[in-house]
Structures are given as C-alpha cells and as structure tokens.
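Where a number appears in this text, it was derived from the coordinates with a stated rule and is not lab data. Values in this document were obtained by computation on a predicted structure and should not be read as measured data. Using ideal geometry, Cβ is built from the backbone for each residue, glycine included, and neighbour counts are taken over all protein chains shown.
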Amino acid sequence: MIGQLAAAFAGTVAFGFLFGIPSKYFGHCGLCGAVAWGVYVLPFWGSDVIAVFAATVMLTFLSRLLAVRKRCPVTVFLIAGLIPLVPGVGLYWTFYYLVTGQMEQMSVTGLAAVKSACAIVLAIVLVFEIPQKFFRRLFYQKI
Amino acid sequence: MEEREGKNTAKTVIENPEFRDWAGEKKREEYERQVLETALRAGQILLGNGAEIFRVEETIFRICRHYGVTSVNTFVLTNGIFLSAGNGREPYYSTVRHIPAWVTRLDKITEVNQLSREIEDHDYSIEEVSGRLDEIEAMEGRKKLAQIAVAGTACACFSFLFGGGPGDMAADFLTGLILYGFLLYGCGGLSKITGNLLCGGLITVCCIAFYHAGLGQNLRPLVMGAILPLVPGMSFTNAIRDLADGDYISGAVRMLDAVLVFMSVGAGTGAVFLIYHHLLGGVLL
C-alpha cells in the first residue's frame, strides 16, 4: 500500500514535470495523485465505476482547494492527478481488442471504459458546481 | 471589485482629459488598439498552451476592462480567437487569431494567470504588460534529456501501479526512454494520428523485445505503463471542463481529439500484436 502510494506520488510528479508544472507545485501535485490513487484502491467501493467516481470527486475537491490556496489555475493539479484514472487505458484496450478481433472482450472493456469516463465527467462537473466562495471561506478559516 | 474602483486603476479612456481633441482622438484609438492586442496575446498564450475556454475569455475581458475598453466581445474556440470591440463611444476594432496546435505547458498558463491577478492589484502600464507577455512567450521548456529520463521514471512508476514487478519496472523505464526520445526527436513532422500509430507500435515492439529478453515478466502491465505518456490527459480534462461550462463545440472537439489519440495508439499496438501472433506464434493479450 505504502509502495503504491509512493509510486502514484512519483508518477504524478513525473507527469507534472512533462506538462511543465512549475517546480514549486510538485509536492502538491504528487499529493493529488497519491490521494486519488489511494481513494481508488480502497477495498470497499465494490465496483470500478464507483471507485473512479469517488477518486475523481476527491481529486477535484483537493485540486480546487489547492488552487485557491496557492492562487494558481486548478488545471495545474487536476490534469496530472487525473492521468492514472483517465479511462484512456480502457479505451485503448477496446481498440486493441477490436484490431485483434476479440469481439466479446472488446464490448466488455469498451462498456467499462465508457462507464468510467462518464463517472469522471460527472464527478468533475459536480465538484465544479460548488461555488468558489466556499473554497475561499474554507481556506481563510483554516489559516 | 468595489475597492478597486477607488484607486487609479480603472481609468476609463473617455474620462481621460488627454483624449479630448482630434489629436487626442487618434491617440485614444492607438491606445485602445494596443490594449486589445495585448489582451488578445494573453488569450493566445493561454489557448495555445492548454487552458480552458472560459479562462481565455475571462482573461481577455479582465485585461480589457481594467484598461478601460468595455465594449469588447470574444468568441473562443479550441483553435481560434475572434475578438471585436467598438460601440458609439469607442472606435471599432476586430481581429481573428488562428491557433493551429496546442501543447501542454502549464507553467505559461500559471504565469499569465499570475499576471492577470497582478494587473488588478498593481498599476502596470499596458507596455509593461506587453513586456511581461513577451517574457512568458519566450520561457524555455524543460531540457529534453531531463524530459526523457522523467518519462522513463513515470512509465516505471505506473507499471508498478498496474501490477508489474521490478523486472517490468526496469523494462518500462527503458521503453519510456525510447518512446519519449522518439516523441521528441523522431516524429516532428508527422500528423497526430500517424505519430500516435507509430508510437503505439514502437511501444509494443519494445515491450515484446524486453519480454523475450527476460527483463519483464507480465506483458499487460508492461504495455499499460508504457502507453501512459501518450494519454491525452490535457485534451480529456479540458474537454470535460469545457462541456461543464457550456462550451459544447470546444468540449466536443477536444473529446474527439482524445478519442482519436487513443484509437491510433490502440490500433498501432494491436497491429504489432497481430503480426507477433501470426509470425512468431506469440500470445494475444
């Protein structure tokens, strides 16, 4: 578990580096990735879609919090943290099965990929409905 | 908002006594043009480096409003900015900028964002803002060799997350190095689809080679870790953000971009696996 979190942290920071995130935000960026992955692998979600949804809600919330606190665009934390959750890997397997002619596998994987994509979309849209004021207030009360 | 009104910042052009006579009129036109050009350039940097549509629009509005041009209207798509200004009291001005391709350089976005915040707090002249934008535009990216090394590390980390062992991590590190080297030096002039097709094929060839050399044990996490640098994270995330904001055209275009990238990577990988299966009798995953 600790190893997984460390790998998620390092991997997210590495992606942040490739995306040109300023180096002062590397720690926060890695934290986002590690938290997202940690939530995703919690054992009690039951289904992959719900796990992805919960992880994305957590990630988006944390990103917005950090964005308000650090006064920088929320994209900085969101994009890199979302990389391991992006259903791209599932989508990629779908096309792979399509090319190699494994149709049953394709429909199963494709459906799962579309479902988790919808979960991510919903999670991000929902968390962005929370007004910016809420995060500002949260931040000023804490500090 | 309210407290800013008191300061000298919101000096509307009309109230400025310098612009009252005919020569002043010309001067004012020149000044407004400069404001609009600068705002447009800020928007251009944002859009070209992977910002969301509403951030581009908001930044343009903010800069224009702060320097007293209130009649500005924008229409921003993923690959173009349409801007026009003018009404009975302000001269007419209109321009279109085409932004053919976008890259992910979040540092530039952060800097422009910072600048647009500072404009509200400090009293920059429009020339100063323009100079700052020049600096931001000229900002160097990270060193290519460092990027390649980091991409290898990222691949190794994620192959571990997807269930790979130490051998897989080592193999993925090498694959990541090769892949990113190819991305930075090899496929400059290729279209996005061909480039990703080739990258997908290259990854698979490397993974199969390392697998047969005995370095990696599990082909699946090996391939999954290695394709992550190709994941269009920026397109996908921004597509969702744009859709959520109601910018459906831009959101749909970006989503299409993300899907296309995955389609070509998947097709490249699948093709190599098919050849591997038929010629060498290897397993399909």
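Side notes on the structure shown:
- For B:Leu222, the shell of other residues with beta-carbons less than 11 Å away shows a net charge of -1, using +1 for Lys and Arg and -1 for Asp and Glu.
- Reported to the nearest whole Å, the Cα centre-to-centre distance from the stretch B:58-86 to the stretch B:137-164 is 36.
- Degrees between helix B:233-245 axis and first principal axis of chain B (Cα, 0 to 90, nearest 10): 50 degrees
- Take each residue of peptide B:265-271, count the partner chain Cβ atoms within 10 Å of its Cβ, and average: the result is 6.
- In percent, rounded to a whole number, the relative contact order of the stretch A:2-142 is 25, using alpha-carbon pairs under 8 Å and six or more apart.
- Crossing angle, helix A:2-18 versus chain A [Cα axis fit, 0-90 degrees, rounded to tens]: 80 degrees
- Per residue of B:229-239, other chain Cβ atoms within 10 Å of the residue Cβ number 6 on average.
- Order by protection proxy (mean Cβ within 10 Å, highest first), peptides A:7-18, B:103-114, B:164-175: A:7-18, B:164-175, B:103-114
- About the Cα centre, charge dipole magnitude for the protein assembly as shown (Lys/Arg +1, Asp/Glu -1 at Cβ), debye: 740 debye
- For the stretch B:93-180, diffusion coefficient by Stokes-Einstein and Kirkwood Rh (Cα), 4 °C, 1.567 mPa s, µm²/s: 78 µm²/s
- Histogram of C-alpha separations across the stretch B:144-280, 5 Å bin width, %: 2, 11, 18, 20, 19, 14, 9, 4, 2, 1, 0
- Overall shape of the stretch B:2-137 was characterised from the C-alpha gyration tensor. The equivalent ellipsoid obtained from it has semi-axes of 26, 17, 12 Å, in decreasing order.
- A viscosity of 1.306 mPa s and a temperature of 10 °C, combined with the Kirkwood radius over C-alpha pairs in the Stokes-Einstein formula, give chain B a diffusion coefficient of 73 µm²/s.
- Relative contact order (%) - criterion: Cα under 8 Å, at least six apart; region: chain B: 15 percent
- Both radii were evaluated on the Cα set of the protein assembly as shown; the Rg over Rh quotient, with Rh as the Kirkwood radius, amounts to 1.03.
- Principal-axis tilt of helix B:126-137 within chain B, Cα atoms, nearest 10 degrees: 10 degrees
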